[in-house]
1. When the residues of the range 78-113 are filtered to those that are within 24 Å of SER135 (Cα to Cα) and surrounded by fewer than 18 Cβ atoms within 10 Å (Cβ to Cβ), which remaining residue is modelled with the lowest pLDDT?
2. Does PHE164 fit the bill of being in a helix (DSSP H, G or I) and more than 19 Å from GLU228 (Cα to Cα)?
3. For the range 27-75, what are the residues that are touching a residue at least 24 places away in the same chain (Cβ under 8 Å) and either among the small types (Gly, Ala, Ser) or not assigned by TED's automatic domain parsing to the domain that holds GLU100 (or both)?
4. Which members of the range 226-260 meet the condition of being hydroxyl-bearing (Ser, Thr, Tyr) and either touching a strand residue (DSSP E or B) at 6+ places or on another chain (Cβ under 9 Å) or over 20 Å from PRO141 (Cβ atoms) (or both)?
5. Let me confirm something: among ALA112, ALA107, ALA116, which residue is touching a residue at least 40 places away in the same chain (Cβ under 8 Å), of a type in the set (Gly, Ala, Ser) and either part of a loop (DSSP other than H, G, I, E, B) or out of contact with any strand residue (DSSP E or B) (no Cβ under 9 Å at 6 or more places or on another chain) (or both)?
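The values are calculated or read from the model by the stated rules, or taken from the named source; none is laboratory data. Keep in mind it's a predicted model, so treat the numbers as computed, not measured. Neighbour counts run over all protein chains shown; Cβ positions are idealised from the backbone, glycine included.
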Amino acid sequence: MLRYFLMLSFFMTSLFSASMNATISTVTHDKEITLATATLESSVEVGVTGFIVHPLKQNHQIIIANLEVLSYDKKSKEVTFKTSPYTGLTQNSLPNGNWEVTVGDEAIFAFAYNRALLIAPDEEIYHFLSSKIPSIEWVHPDKFATFLSYKGHPTPLKEDFRDFCVVGATGLLYLYLEEALFTLDCKSFSLLQITPAAIKREKEKLPFYSRVDKIYAGWFGKGTSELEVYDEYYLELLNQSNQKSTLLSEYNKKSNKGKN
């Protein structure tokens, strides 16, 4: 099992560690959503995020929008994605440009996929997994725990992961749950891969392993209560955000069969 896990880890790292660029070929407007397509030689998973770059004069460029992959056609090599306002460098004191995504702009997929946050139930599992996945720059969970204290959320919400990864330019989120490692896009919370990883678990630390003793709670609202269960909570977040995921559906079927 361990050898099988290490082989899958190497494949997973090589798959997600590099960003990919493509020139936008079409742009359409569907109600309030802007859709675009581009030709991309490498396959890309649904839910992968990135951004749109618009060329300026004198070899300058500007980031004008976020993107999220909706589909990829392996035959035509055409990727379809939706766009949204870029939030990575929000500055309320400066004016916003009225940029629109146009044909010829550059789409960058899987940006910052070489940086990742790992959520694990104990220190041993955290260090084992982070040491066995090479070429990833790990953002320590202490930073995320501190971020949650600022937000007043001892129980991390989906949007907490997204906001933290936007601020920290982090592309991937790894969740170790039950006996598997789940790989997600940290901004869209879309499931990209599931890797079997049967590792002996010691005493859990909630809401996840970090060296921060206490995550301070806000007065009221979602996320302000203490997390009481580990696997069940994060699996519920996964299921809520990936209801159309065939990968997760198959995992749930196998997992439920194993419990009966």
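1. We begin by selecting, within the range 78-113, every residue within 24 Å of SER135 (Cα to Cα); these are 88, 107-113.
Then drop every residue that is not surrounded by fewer than 18 Cβ atoms within 10 Å (Cβ to Cβ), which leaves 88, 108.
Values: GLY88: 69, ILE108: 95.
Looking at residues that are within 24 Å of SER135 (Cα to Cα) and surrounded by fewer than 18 Cβ atoms within 10 Å (Cβ to Cβ), I get GLY88.
2. Details: in a helix (DSSP H, G or I): yes; more than 19 Å from GLU228 (Cα to Cα): yes.
Against the criterion (in a helix (DSSP H, G or I) and more than 19 Å from GLU228 (Cα to Cα)), PHE164 qualifies.
3. Initial filter on the range 27-75 (touching a residue at least 24 places away in the same chain (Cβ under 8 Å)): 27, 33-41, 43-55, 61-72, 74.
ALA36, ALA38, SER43, GLY47, GLY50, ALA65, SER71, listed by residue number.
4. Initially, the range 226-260 is screened for residues hydroxyl-bearing (Ser, Thr, Tyr), giving 230, 233-234, 241, 245-246, 249, 251, 255.
Answer for the range 226-260, where residues must be hydroxyl-bearing (Ser, Thr, Tyr) and either touching a strand residue (DSSP E or B) at 6+ places or on another chain (Cβ under 9 Å) or over 20 Å from PRO141 (Cβ atoms) (or both): TYR230, TYR234, SER241, SER245, THR246, SER249, TYR251, SER255.
5. Values: ALA107 fails: either part of a loop (DSSP other than H, G, I, E, B) or out of contact with any strand residue (DSSP E or B) (no Cβ under 9 Å at 6 or more places or on another chain) (or both); ALA116 fails: either part of a loop (DSSP other than H, G, I, E, B) or out of contact with any strand residue (DSSP E or B) (no Cβ under 9 Å at 6 or more places or on another chain) (or both).
The conditions single out ALA112.
Results for (1) aliphatic (A, V, I, L, M); (2) within 15 Å of the chain's Cα centre (by Cα); (3) assigned to a helix (DSSP H, G or I); (4) surrounded by 15 or more Cβ atoms within 10 Å (Cβ to Cβ), shown as yes or no for each residue.
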residue: LEU192; (1), (2), (3), (4): yes, yes, no, yes
residue: ILE199; (1), (2), (3), (4): yes, no, no, yes
residue: PHE208; (1), (2), (3), (4): no, no, no, yes
residue: ARG211; (1), (2), (3), (4): no, no, no, no
residue: ILE215; (1), (2), (3), (4): yes, no, no, yes
residue: LEU227; (1), (2), (3), (4): yes, no, no, yes
residue: TYR234; (1), (2), (3), (4): no, yes, yes, yes
residue: GLN240; (1), (2), (3), (4): no, yes, yes, no
